[in-house]
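A short worksheet on the structure shown next.
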Amino acid sequence: MHETRHLIDIEGLDDAALRRLLDRAQALAGGADPELIPELAIANLFLEPSTRTRVSFELAARRIGATLVTIDSGSSSIVKGESLGDTAATLRAMGIRAIVLRHPETGAAARLVPDLQPGVSLVNAGDGRGQHPTQALLDAATLESAGLEWATARIVFLGDIRHSRVAHSDIALFHRLGAAEIRIAGPEALLPDPDEDLPVVRCMDRDSAVSGVDVIVCLRLQRERIDEAGIPEPVDFHRQWGLAPEHLALASGRVRVLHPGPMNRGVEIAPEVADGPNSLILAQVHMGVHLRTALFEWLADAG
Ligand code: CP
(Lines give C-alpha, C1' and ligand atoms only; values in the text may rest on other atoms or scores of the structure.)
Protein backbone atom coordinates (compact mmCIF):
# COMPACT_ATOMS: atom_id res chain seq x y z
CA MET A 1 0.00 0.00 0.00
CA HIS A 2 1.55 3.31 -1.05
CA GLU A 3 1.44 6.33 1.20
CA THR A 4 -0.41 9.30 -0.33
CA ARG A 5 1.36 12.51 0.60
CA HIS A 6 -0.34 15.86 1.15
CA LEU A 7 0.96 19.32 1.98
CA ILE A 8 -1.64 21.21 3.98
CA ASP A 9 0.51 23.14 6.45
CA ILE A 10 4.06 23.34 7.76
CA GLU A 11 3.18 21.33 10.88
CA GLY A 12 2.26 18.37 8.67
CA LEU A 13 5.76 18.07 7.20
CA ASP A 14 8.29 15.98 9.10
CA ASP A 15 11.85 17.24 9.49
CA ALA A 16 13.25 14.99 6.76
CA ALA A 17 10.67 16.11 4.21
CA LEU A 18 11.14 19.74 5.13
CA ARG A 19 14.92 19.60 4.72
CA ARG A 20 14.61 17.56 1.51
CA LEU A 21 12.31 20.17 -0.06
CA LEU A 22 14.51 23.12 0.92
CA ASP A 23 17.72 21.44 -0.28
CA ARG A 24 16.20 20.13 -3.48
CA ALA A 25 14.69 23.51 -4.40
CA GLN A 26 18.11 25.12 -3.99
CA ALA A 27 19.79 22.37 -6.02
CA LEU A 28 17.25 22.84 -8.82
CA ALA A 29 17.78 26.60 -8.67
CA GLY A 30 21.50 25.87 -9.00
CA GLY A 31 20.96 23.96 -12.23
CA ALA A 32 20.20 20.36 -11.22
CA ASP A 33 17.94 18.49 -13.63
CA PRO A 34 14.38 17.85 -12.48
CA GLU A 35 13.12 14.26 -12.42
CA LEU A 36 10.81 13.39 -15.27
CA ILE A 37 7.45 12.13 -13.95
CA PRO A 38 5.17 11.95 -16.99
CA GLU A 39 2.74 9.63 -15.19
CA LEU A 40 1.83 12.39 -12.70
CA ALA A 41 -1.42 14.11 -13.72
CA ILE A 42 -2.01 17.35 -11.82
CA ALA A 43 -5.03 19.63 -11.47
CA ASN A 44 -4.44 23.25 -10.48
CA LEU A 45 -7.79 24.11 -8.86
CA PHE A 46 -7.61 27.85 -8.29
CA LEU A 47 -10.81 29.23 -6.79
CA GLU A 48 -9.23 32.61 -5.95
CA PRO A 49 -7.01 34.84 -8.11
CA SER A 50 -3.29 34.09 -8.31
CA THR A 51 -0.40 34.95 -10.58
CA ARG A 52 2.77 33.67 -8.88
CA THR A 53 1.49 30.49 -7.28
CA ARG A 54 -0.65 29.33 -10.20
CA VAL A 55 1.95 29.98 -12.89
CA SER A 56 4.84 28.53 -10.89
CA PHE A 57 2.90 25.31 -10.25
CA GLU A 58 2.15 25.19 -14.00
CA LEU A 59 5.80 25.70 -14.92
CA ALA A 60 6.93 23.15 -12.32
CA ALA A 61 4.52 20.58 -13.77
CA ARG A 62 5.94 21.20 -17.25
CA ARG A 63 9.51 20.83 -15.96
CA ILE A 64 8.79 17.29 -14.74
CA GLY A 65 6.91 16.39 -17.93
CA ALA A 66 3.62 15.95 -16.08
CA THR A 67 0.13 16.43 -17.45
CA LEU A 68 -1.49 19.55 -16.03
CA VAL A 69 -4.95 21.06 -16.16
CA THR A 70 -5.80 24.40 -14.60
CA ILE A 71 -9.34 25.09 -13.42
CA ASP A 72 -10.46 28.46 -12.09
CA SER A 73 -13.58 29.41 -10.18
CA GLY A 74 -15.37 30.74 -13.27
CA SER A 75 -14.78 27.55 -15.27
CA SER A 76 -15.47 24.90 -12.63
CA SER A 77 -18.80 23.23 -11.83
CA ILE A 78 -18.36 24.40 -8.23
CA VAL A 79 -20.29 27.50 -9.36
CA LYS A 80 -23.23 25.14 -10.12
CA GLY A 81 -23.19 23.80 -6.57
CA GLU A 82 -20.81 20.84 -6.81
CA SER A 83 -18.98 20.22 -3.54
CA LEU A 84 -15.20 20.36 -3.33
CA GLY A 85 -15.19 16.67 -2.38
CA ASP A 86 -17.21 15.72 -5.46
CA THR A 87 -14.98 17.88 -7.65
CA ALA A 88 -11.90 16.11 -6.24
CA ALA A 89 -13.48 12.66 -6.78
CA THR A 90 -14.39 13.64 -10.34
CA LEU A 91 -10.83 14.72 -11.07
CA ARG A 92 -9.48 11.52 -9.48
CA ALA A 93 -11.77 9.42 -11.68
CA MET A 94 -10.24 11.09 -14.72
CA GLY A 95 -6.75 10.08 -13.58
CA ILE A 96 -5.63 13.15 -11.63
CA ARG A 97 -3.07 12.18 -8.95
CA ALA A 98 -2.39 15.59 -7.38
CA ILE A 99 -4.70 18.54 -6.75
CA VAL A 100 -3.23 21.97 -6.04
CA LEU A 101 -5.94 23.97 -4.29
CA ARG A 102 -6.17 27.76 -3.86
CA HIS A 103 -9.34 28.57 -1.91
CA PRO A 104 -10.74 31.74 -0.30
CA GLU A 105 -11.92 29.92 2.86
CA THR A 106 -9.59 29.34 5.79
CA GLY A 107 -9.23 25.61 6.43
CA ALA A 108 -10.66 24.53 3.05
CA ALA A 109 -7.70 22.26 2.20
CA ALA A 110 -7.63 20.57 5.61
CA ARG A 111 -11.39 19.95 5.43
CA LEU A 112 -11.05 18.30 2.02
CA VAL A 113 -8.44 15.71 3.06
CA PRO A 114 -10.88 13.22 4.69
CA ASP A 115 -13.10 13.34 1.57
CA LEU A 116 -10.28 12.50 -0.86
CA GLN A 117 -10.23 9.21 -2.73
CA PRO A 118 -7.12 7.07 -2.13
CA GLY A 119 -4.21 7.88 -4.41
CA VAL A 120 -4.74 11.60 -4.88
CA SER A 121 -2.45 14.09 -3.16
CA LEU A 122 -3.60 17.52 -2.05
CA VAL A 123 -1.42 20.64 -1.92
CA ASN A 124 -2.67 23.71 -0.11
CA ALA A 125 -1.80 26.67 -2.36
CA GLY A 126 -3.32 29.18 0.05
CA ASP A 127 -6.56 29.00 2.06
CA GLY A 128 -8.13 32.25 3.23
CA ARG A 129 -6.08 33.65 6.09
CA GLY A 130 -4.96 30.15 7.07
CA GLN A 131 -1.80 28.71 5.53
CA HIS A 132 0.37 29.00 2.44
CA PRO A 133 3.03 26.33 3.03
CA THR A 134 4.71 26.37 -0.39
CA GLN A 135 5.21 30.14 -0.07
CA ALA A 136 6.88 29.61 3.32
CA LEU A 137 9.13 26.90 1.92
CA LEU A 138 10.17 29.03 -1.04
CA ASP A 139 10.78 31.97 1.29
CA ALA A 140 13.04 29.85 3.50
CA ALA A 141 14.88 28.42 0.47
CA THR A 142 15.39 31.95 -0.88
CA LEU A 143 16.83 33.13 2.44
CA GLU A 144 19.13 30.10 2.77
CA SER A 145 20.27 30.63 -0.80
CA ALA A 146 21.09 34.24 0.10
CA GLY A 147 23.28 33.03 2.98
CA LEU A 148 20.98 33.57 5.96
CA GLU A 149 22.01 31.72 9.14
CA TRP A 150 18.86 30.79 11.06
CA ALA A 151 20.59 30.58 14.45
CA THR A 152 21.40 34.29 14.42
CA ALA A 153 18.55 35.54 12.23
CA ARG A 154 16.31 38.32 13.48
CA ILE A 155 13.23 38.56 11.29
CA VAL A 156 10.34 41.02 11.28
CA PHE A 157 6.93 40.80 9.59
CA LEU A 158 5.62 44.26 8.82
CA GLY A 159 2.05 45.11 7.80
CA ASP A 160 -1.18 43.12 7.85
CA ILE A 161 -0.16 40.02 9.78
CA ARG A 162 -3.65 39.13 10.98
CA HIS A 163 -5.07 38.24 7.57
CA SER A 164 -1.86 36.82 6.10
CA ARG A 165 -1.65 33.08 5.44
CA VAL A 166 1.96 33.72 4.37
CA ALA A 167 2.79 35.13 7.81
CA HIS A 168 1.18 32.14 9.53
CA SER A 169 3.17 29.60 7.50
CA ASP A 170 6.40 31.64 7.47
CA ILE A 171 6.34 32.10 11.25
CA ALA A 172 5.77 28.37 11.82
CA LEU A 173 8.58 27.45 9.44
CA PHE A 174 11.14 30.08 10.44
CA HIS A 175 10.61 29.20 14.12
CA ARG A 176 11.06 25.52 13.33
CA LEU A 177 14.26 26.25 11.41
CA GLY A 178 15.64 27.96 14.52
CA ALA A 179 15.29 31.69 13.81
CA ALA A 180 16.81 33.62 16.72
CA GLU A 181 13.97 36.16 16.95
CA ILE A 182 10.73 36.76 15.05
CA ARG A 183 8.96 40.11 15.43
CA ILE A 184 5.62 41.31 14.13
CA ALA A 185 4.57 44.94 13.67
CA GLY A 186 1.61 46.72 12.16
CA PRO A 187 -1.62 48.48 13.13
CA GLU A 188 -3.08 46.92 16.29
CA ALA A 189 -6.22 45.83 14.40
CA LEU A 190 -4.09 44.01 11.83
CA LEU A 191 -2.04 42.00 14.33
CA PRO A 192 -3.07 38.46 15.31
CA ASP A 193 -5.05 37.94 18.50
CA PRO A 194 -2.62 37.41 21.40
CA ASP A 195 -4.32 34.08 22.17
CA GLU A 196 -2.99 32.72 18.84
CA ASP A 197 0.15 32.21 20.93
CA LEU A 198 2.63 32.67 18.08
CA PRO A 199 6.39 32.48 18.83
CA VAL A 200 6.83 36.21 18.10
CA VAL A 201 7.66 39.52 19.76
CA ARG A 202 5.01 42.21 19.11
CA CYS A 203 6.45 45.65 18.30
CA MET A 204 4.45 48.84 18.64
CA ASP A 205 6.21 50.99 16.06
CA ARG A 206 8.09 50.53 12.80
CA ASP A 207 11.47 51.87 13.88
CA SER A 208 11.85 49.54 16.85
CA ALA A 209 10.49 46.67 14.74
CA VAL A 210 13.15 46.96 12.03
CA SER A 211 16.01 47.86 14.36
CA GLY A 212 18.92 45.45 13.82
CA VAL A 213 16.94 42.86 11.85
CA ASP A 214 18.39 40.61 9.17
CA VAL A 215 15.13 40.03 7.29
CA ILE A 216 12.06 42.21 6.74
CA VAL A 217 8.96 40.53 5.31
CA CYS A 218 6.55 43.17 3.98
CA LEU A 219 2.88 42.22 3.80
CA ARG A 220 0.15 44.03 1.90
CA LEU A 221 -3.24 45.05 3.27
CA GLN A 222 -5.36 42.02 2.46
CA ARG A 223 -8.45 43.98 1.52
CA GLU A 224 -10.36 40.90 0.42
CA ARG A 225 -10.25 39.63 4.00
CA ILE A 226 -10.78 42.91 5.94
CA ASP A 227 -14.13 44.57 6.63
CA GLU A 228 -14.35 47.74 4.51
CA ALA A 229 -14.48 49.97 7.61
CA GLY A 230 -11.25 48.44 8.96
CA ILE A 231 -9.08 49.12 5.91
CA PRO A 232 -6.56 51.89 6.64
CA GLU A 233 -6.10 54.73 4.15
CA PRO A 234 -3.13 53.71 1.94
CA VAL A 235 -1.39 57.07 2.45
CA ASP A 236 -1.74 56.84 6.24
CA PHE A 237 -0.64 53.23 6.24
CA HIS A 238 2.46 54.05 4.21
CA ARG A 239 3.36 56.94 6.48
CA GLN A 240 3.15 54.83 9.63
CA TRP A 241 4.01 51.30 8.50
CA GLY A 242 5.37 51.39 4.93
CA LEU A 243 8.97 50.29 4.35
CA ALA A 244 11.13 53.06 2.87
CA PRO A 245 14.92 53.33 2.38
CA GLU A 246 15.44 55.21 5.66
CA HIS A 247 14.08 52.22 7.59
CA LEU A 248 16.60 49.87 6.00
CA ALA A 249 19.30 52.04 7.55
CA LEU A 250 18.04 50.95 11.00
CA ALA A 251 18.34 47.26 10.15
CA SER A 252 21.47 45.12 9.90
CA GLY A 253 23.94 46.00 7.14
CA ARG A 254 22.91 42.96 5.04
CA VAL A 255 19.17 43.14 5.61
CA ARG A 256 17.11 41.16 3.08
CA VAL A 257 13.64 42.31 2.10
CA LEU A 258 10.97 39.78 1.19
CA HIS A 259 7.45 40.32 -0.11
CA PRO A 260 5.26 37.37 -1.14
CA GLY A 261 3.37 39.54 -3.62
CA PRO A 262 1.24 40.92 -5.00
CA MET A 263 2.88 44.24 -4.03
CA ASN A 264 1.17 47.57 -3.63
CA ARG A 265 4.00 50.00 -4.34
CA GLY A 266 3.85 53.12 -2.24
CA VAL A 267 1.61 51.45 0.35
CA GLU A 268 3.40 48.70 2.32
CA ILE A 269 6.67 49.14 0.40
CA ALA A 270 8.37 52.04 -1.36
CA PRO A 271 9.43 51.35 -4.96
CA GLU A 272 13.06 52.17 -4.07
CA VAL A 273 13.04 49.29 -1.56
CA ALA A 274 11.16 46.87 -3.80
CA ASP A 275 13.66 47.43 -6.60
CA GLY A 276 16.72 48.07 -4.43
CA PRO A 277 19.79 45.93 -3.69
CA ASN A 278 18.34 44.45 -0.49
CA SER A 279 15.23 43.14 -2.22
CA LEU A 280 14.87 39.38 -2.77
CA ILE A 281 11.36 39.71 -4.16
CA LEU A 282 12.07 38.42 -7.66
CA ALA A 283 14.43 35.80 -6.21
CA GLN A 284 11.42 34.52 -4.25
CA VAL A 285 9.37 34.27 -7.43
CA HIS A 286 12.20 32.44 -9.17
CA MET A 287 12.62 30.00 -6.26
CA GLY A 288 8.88 29.36 -6.36
CA VAL A 289 9.18 27.36 -9.59
CA HIS A 290 12.02 25.25 -8.17
CA LEU A 291 10.35 24.67 -4.80
CA ARG A 292 7.15 23.51 -6.51
CA THR A 293 9.16 21.25 -8.81
CA ALA A 294 10.79 19.72 -5.71
CA LEU A 295 7.35 19.33 -4.18
CA PHE A 296 5.99 17.38 -7.15
CA GLU A 297 9.05 15.12 -7.02
CA TRP A 298 8.38 14.50 -3.31
CA LEU A 299 4.68 13.79 -3.87
CA ALA A 300 5.49 11.28 -6.61
CA ASP A 301 8.21 9.61 -4.53
CA ALA A 302 5.81 8.28 -1.88
CA GLY A 303 5.70 4.53 -1.60
N1 CP B 1 2.37 34.88 -3.13
C2 CP B 1 1.21 34.56 -3.74
O3 CP B 1 0.48 33.67 -3.29
O4 CP B 1 0.91 35.28 -4.85
P5 CP B 1 -0.29 34.96 -5.83
O6 CP B 1 -1.56 35.30 -5.10
O7 CP B 1 -0.07 35.81 -7.06
O8 CP B 1 -0.24 33.49 -6.15
* Just a yes or no: is a residue in segment 65-82 under 24 Å from the mean Cα position of the chain (by Cα), under 29 Å from His168 (Cβ atoms), among the hydrophobic types (A, V, I, L, M, F, W, C) and in a helix (DSSP H, G or I)? -> no
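Confirm whether Glu188 is modelled with pLDDT under 95, within 19 Å of Ile10 (Cα to Cα) and exposed (fewer than 14 other Cβ atoms within 10 Å of the Cβ).
Values: modelled with pLDDT under 95: yes; within 19 Å of Ile10 (Cα to Cα): no; exposed (fewer than 14 other Cβ atoms within 10 Å of the Cβ): yes.
It is false that Glu188 is modelled with pLDDT under 95, within 19 Å of Ile10 (Cα to Cα) and exposed (fewer than 14 other Cβ atoms within 10 Å of the Cβ).
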* Could you list, in sequence order, all residues of segment 36-79 that are free of Cβ contacts under 8 Å to residues at least 40 places away in the same chain and either within 14 Å of the ligand (Cβ to nearest atom) or among the polar types (S, T, N, Q) (or both)? => Pro49, Val55, Glu58, Thr67, Thr70, Asp72, Ser73, Ser75, Ser76, Ser77
* To do: Please identify the pairs in which a residue from segment 252-265 that is within 27 Å of Glu233 (Cβ to Cβ) has its Cβ atom under 8 Å from the Cβ atom of a residue that is within 11 Å of the ligand (Cβ to nearest atom) and in a strand (DSSP E or B), counting only partners at least 6 apart or on another chain.
  => His259/Leu219; Pro260/Leu219
* Structure fact -> Within segment 1-17, the residues that are touching a strand residue (DSSP E or B) at 6+ places or on another chain (Cβ under 7 Å) and outside any loop (DSSP other than H, G, I, E, B) are Leu7
* Asked: Residue check, Leu282 against (1) touching a residue at least 12 places away in the same chain (Cβ under 8 Å); (2) closer than 22 Å to Leu22 by Cβ, all met but one. Which one?
  -> (1)
* For segment 18-57, name all the residues that are surrounded by 16 or more Cβ atoms within 10 Å (Cβ to Cβ), outside any strand (DSSP E or B) and small (Gly, Ala, Ser). => Ala25, Ala29, Ser50, Ser56
* Structure fact -> Taking first residues from segment 127-153 that are under 20 Å from Gln26 (Cβ atoms) and second residues anywhere that are assigned to a helix (DSSP H, G or I) and charged (D, E, K, R), the pairs with Cβ under 7 Å that are 6 or more apart or on different chains are His132/Arg165; Thr134/Arg292; Ala136/Asp170; Asp139/Asp170
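Anything in segment 258-272 that is of a type in the set (A, V, I, L, M, F, W, C) and crowded, with 22+ Cβ neighbours inside 10 Å? List them, or say none. Break it down into steps so the answer makes sense when it comes.
Of all residues in segment 258-272, those of a type in the set (A, V, I, L, M, F, W, C) come to 258, 263, 267, 269-270.
Leu258, Ile269 - these are the residues of segment 258-272 that are of a type in the set (A, V, I, L, M, F, W, C) and crowded, with 22+ Cβ neighbours inside 10 Å.
Is it fair to say Gly288 is among the small types (Gly, Ala, Ser), part of a helix (DSSP H, G or I), in contact with a Ser or Thr (Cβ under 8 Å, 6 or more places away or on another chain) and modelled with pLDDT of 95 or more?
On the way: among the small types (Gly, Ala, Ser): yes; part of a helix (DSSP H, G or I): yes; in contact with a Ser or Thr (Cβ under 8 Å, 6 or more places away or on another chain): yes; modelled with pLDDT of 95 or more: yes.
Answer is yes for this residue.
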* For Arg206, all conditions in the list (1) at pLDDT 95 or above; (2) touching a Phe, Trp or Tyr at 6+ places or on another chain (Cβ under 8 Å); (3) within 16 Å of the ligand (Cβ to nearest atom) hold save one; what is the number of the exception? -> (3)
* Structure fact -> Filter segment 105-129 for residues that are within 16 Å of the ligand (Cβ to nearest atom) and among the aliphatic types (A, V, I, L, M); the one that is farthest from Asp160 (Cα to Cα) is Val123
* Residue satisfying condition, being surrounded by fewer than 18 Cβ atoms within 10 Å (Cβ to Cβ) and touching a strand residue (DSSP E or B) at 6+ places or on another chain (Cβ under 8 Å), within set Val166, Val201, Val100 -> Val201
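Which fully enclosed helices (runs of 4 or more DSSP H) of segment 87-204 have 3 or more residues being among the hydroxyl-bearing types (Ser, Thr, Tyr)?
Working: elements: 108-112, 133-145, 165-176.
Correct list: 133-145.
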* Does Pro199 count as in contact with a helix residue (DSSP H, G or I) (Cβ under 9 Å, 6 or more places away or on another chain) and either charged (D, E, K, R) or without any contact (Cβ under 8 Å) to a residue 40 or more places away in the chain (or both)? -> yes
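The values are calculated or read from the model by the stated rules, or taken from the named source; none is laboratory data. Since the model is a prediction, treat every value here as computed from it, not as a measurement. In this analysis, Cβ positions are derived from the backbone assuming ideal geometry, glycine residues included, and neighbour counts consider all displayed protein chains.
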